[in-house]
Amino acid sequence: MELNGITVAVIGAGYAGASTAKALSLLGADVTVYEQAQQAGEVGAGIGLRPSSMGAFREWGIDAAIEAVSSPSWGLQILTPQNELIHREEWPEKDDFGTTTHFIHRRDFIDALLSVLPAGMVKFGYRMTGIVDHGDTATVSFENGESVTADLVIGADGISSRVRRALFSDKPPVFAHEHAYRAVFDLDLIPGVYDDDNDFHIYFDAPTNRHLYLVPLKHRGQVSFDITVPSDDATWSPTVTREQIVASLQGFDPRFEAITASIDLTTVNCRSAHDIDPVDSWHTRSVALVGDAAHAMLHHQGQGANSAVIDAKGIADALRDADSIAAGLALYQERRKPITDEYQRISRAGWDADGLDDGFPGQHGTTAPKAAATAEV
Ligand SMILES: Cc1cc2nc3c(=O)[nH]c(=O)nc-3n(C[C@H](O)[C@H](O)[C@H](O)COP(=O)(O)OP(=O)(O)OC[C@H]3O[C@@H](n4cnc5c(N)ncnc54)[C@H](O)[C@@H]3O)c2cc1C
């Protein structure tokens, strides 16, 4: 369908909201993004943008903006805590998209995405507090007293989505009994570790279920770490002591232990890990969920941000292919939900000692876990 003249209100200016705004505005829709924060902000850590996401950026004509603040990577390594290689694998889907995974700092990523949106498209300081679905339009109200009615409302408001809770599911996020500690440090602090590669490194201590994920950000002279350890403290942003951080990597390569002993604690982002159960429906005739609002997943397969980008492409493609908004939203869910349901399942399963010879369980097909690809046919 033709999107010219269609009004779209996107709730949330994270990766999902910004990507969806870009994709739909390129099709001619009149898009406004409403973000609760007063300005863009992201924690200091790195993520990998998969070939499928890089392919979407190329299609939208924004690949140069992303490549300017990222570096290409060719594979993934699974190692013992003492830095001994168990398994190496190249990123899947490189050949399908003619590009590879790129590592990027989360802050640089959101800045790059927002920089390619037309001036004025994103309104900061708009916290959505209510939504009324009228059928072929929906009205969103904000804490500041304003409200807006649009032909299409996109709930891109993250794991605790108000849009999801109001219209689709009031089930709360599910605690994974894990903490994740994330920060960046200078590459010089781990001499030798990244001399020969630019791979994603997973150090896994199976007996204690502790993980150290390293994302090199060589273009910044930095490395991002994510330490994920078991914990029964479900506090959303737990207060963590230096002793806890040091203990989280005790017995790992001494270079990693040394980093935890000297790191500036104020730069470490501590989060308890949550996901959500699959939601039965993501859409009505005029409202749809994208990104974590639709399918927040644990971070063990690094697919949360990528799924947000591919949702944006998915909803734009589906609206273009359908003859009405309602039909487009149904098509979007039909195409995307089997895939993200499977990513949620795989991510929740985590790593186990018997599965360390496959760095990308279920991810070797084209943009889809194997099981989901089968379900789609
Ligand atoms: C520890 C950890 C590590 C991760 N590592 C990776 C990784 O390596 N690779 C990867 O792909 N993914 C990773 N992820 C997941 C990834 O961060 C998320 O999937 C991604 O941020 C989801 O983007 P989103 O735009 O859907 O949601 P969010 O990034 O949460 O953005 C939601 C936006 O909506 C706004 N908002 C919320 N409520 C309202 C409201 N009421 N009104 C207006 N605005 C609102 C918020 O302020 C925010 O800007 C990780 C996550 C965690 C926790």
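General observations
- Using alpha-carbon coordinates, inclination of helix 304-321 to the longest axis of the chain, degrees: 30 degrees
- Note on the range 1-77: dipole from Cβ charges, positive end direction compared against Gly14, Ala64, Met54; the farthest Cα belongs to Met54.
- Distant-in-sequence amide H partners of Val174 (H built 1.01 Å from N, under 5 Å): Asp275, Ile276, Asp277
- ³J(HN,Hα), Karplus 6.51/-1.76/1.60, whole Hz, each residue of the range 210-221, x for Gly, Pro: 9, 10, 10, 9, 10, 10, x, 10, 4, 5, 10, x
- For the range 203-290, accessible area per residue (1.4 Å probe, heavy atoms of protein chains only), Å²: 41 Å²
- Surface share of carbon and sulfur [accessible, 1.4 angstrom probe, percent] for the range 1-62: 43 percent
- Across the range 151-284, Cα pairs under 8 Å and at least six residues apart give a relative contact order of 33 percent.
- Heavy atoms of Arg335 accessible to a 1.4 Å probe, total area in Å² rounded to 10: 80 Å²
- For the range 48-57, the Karplus equation 6.51 cos²θ - 1.76 cosθ + 1.60, evaluated at θ = phi - 60°, returns couplings of x, 9, 5, x, 5, 5, 4, x, 5, 4 Hz by residue, with Gly and Pro reported as x.
- Ligands, DNA and RNA left out, the 1.4 Å accessible surface of the range 239-360 is 50% carbon and sulfur atoms.
- Spatial separation of Cα centroids for the range 249-294 and the range 1-70, in angstrom: 20 Å
- Remark: the range 188-297 carries a charge dipole of roughly 320 debye about the Cα centre, counting +1 on each Lys and Arg Cβ and -1 on each Asp and Glu Cβ.
- Among the lysines of the chain, pairs that are 8 or more positions apart or on different chains and have alpha carbons within less than 19 Å of each other number 7.
- Protection proxy ranking of 321-327, 160-166, 64-70 - average other beta-carbon atoms within 10 Å, highest first: 160-166, 64-70, 321-327
- Over the chain: helical MRE at 222 nm, DSSP H runs n ≥ 4 each giving -39500 (n - 2.57), nearest 500: -9000 deg cm²/dmol
- For the chain, alpha-carbon Rg over 2.2 N^0.38 Å: 0.97
- Per residue, the range 27-116 exposes 39 Å² of solvent-accessible protein surface, assessed with a 1.4 angstrom probe and all protein chains in place.
- Mean Cβ neighbour count within 10 Å, used as a protection proxy, ranking 348-354, 78-84 highest first: 78-84, 348-354
- Ranking of Asp197, Asp357 by solvent-accessible surface, largest first: Asp357, Asp197 (1.4 Å probe, protein heavy atoms only, all chains present).
- Here the relative contact order of the chain, from alpha carbon pairs under 8 Å that lie six or more residues apart, stands at 22 percent.
- DSSP beta bridge pairing in the chain, given as percent antiparallel to the nearest 5: 70 percent
- The orientation-averaged projected area of the convex hull spanned by the Cα atoms of the range 1-81 comes to 7.8 nm².
- Here the spin labels are modelled as points 7 Å beyond Cα on the Cα-Cβ line, and at Phe175 and Asp136 they lie 4.7 nm apart.
- Accessible surface of the range 80-169, 1.4 Å probe, proportion on carbon and sulfur as whole %: 44 percent
- Charge dipole (Cα centre; +1 on Lys/Arg Cβ, -1 on Asp/Glu Cβ; no other charges) of the chain amounts to roughly 760 debye.
- Here's the picture: a label point sits 7 Å out from the Cα of Glu89 along the beta-carbon direction, and within the range 201-218 the residues with their amide nitrogen under 14 Å of it are 201-202.
The values are calculated or read from the model by the stated rules, or taken from the named source; none is laboratory data. From a predicted model like this one, the values you see are computed outputs, not experimental measurements. Note: ideal-geometry Cβ built from the backbone for every residue, glycine included; neighbour counts use all protein chains shown. Heavy atoms of the whole protein, side chains included, go into the accessibility calculation; ligands, DNA and RNA do not. Shrake-Rupley method; radii C 1.70, N 1.55, O 1.52, S 1.80 Å.
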